[in-house]
Amino acid sequence: MRQNKITKPTSRCGLNCDDCPAHIATMKNDDLLRQKTADVWNTKYNAAGRIPVTKEDINCLGCLSLTDPVYKHCKECGVRICAIEKGIKNCGECAEYNTCPKISSLHKYIPEGKKVCDKYRKEISSTSDV
């Protein structure tokens with residue numbers, strides 16, 4: 001009997017932390033990538049009243065980490081906080097996934113995350129009740 005290999009999530013919302021420059025810079029201890037990432041994010045996400053990101057802010061062990069460092073935006077993320085409180089690694093595991101306003105609102109901006117959560121949900125539901 002062949003066992004299905006279930007995709008391992010790398011974040012609660014479906015984004016791939018392994019592709020995140022903050023995570024990569026932390027794993028490689030790369031200060032040049034930290035500075036470049038801070039510069040890019042300050043340009044890309046420039047909003048009135050927003051405190052600029054510094055290279056010191058660009059440190060993250062990933063969304064699934066329960067210890068620091070976790071990037072400040074991710075640490076404050078309502079989706080991440082909710083998933084941690086529920087003891088789940090990915091929102092696709094949650095019984096409320098299809099009706100949750102937090103994750104559906106976030107997935108409007110990150111449709112690639114929704115695809116991952118949907119795939120994960122389908123994979124785990126085929127092996128258990130979700």
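The values are calculated or read from the model by the stated rules, or taken from the named source; none is laboratory data. Values in this document were obtained by computation on a predicted structure and should not be read as measured data. Virtual Cβ from ideal backbone geometry, glycine too; neighbours counted across all protein chains shown.
The table below lists the values:
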quantity	calculated
Extreme residue, farthest from Pro111 (Cα to Cα), among residues of the stretch 12-42 that are in contact with a helix residue (DSSP H, G or I) (Cβ under 6 Å, 6 or more places away or on another chain) and basic (Lys, Arg)	Arg34
Verdict on Thr127 being buried (at least 19 other Cβ atoms within 10 Å of the Cβ) and not acidic (Asp, Glu)	no
Yes/no for Leu33 being more than 18 Å from the chain's Cα centre (by Cα) and hydrophobic (A, V, I, L, M, F, W, C)	yes
Helices (runs of 4 or more DSSP H) within the stretch 17-119 that include 1 or more residues out of contact with any Asp or Glu (no Cβ under 6 Å at 6 or more places or on another chain) and at pLDDT 95 or above	21-28, 31-44, 78-86, 101-109
Residue in the stretch 46-60 that is of a type outside the set (Lys, Arg) and within 21 Å of Lys8 (Cα to Cα) present	yes
In the stretch 70-100, the residues that are buried (at least 16 other Cβ atoms within 10 Å of the Cβ) and of a type outside the set (A, V, I, L, M, F, W, C)	Tyr71, Arg80, Lys89, Asn90, Gly92, Glu93, Tyr97
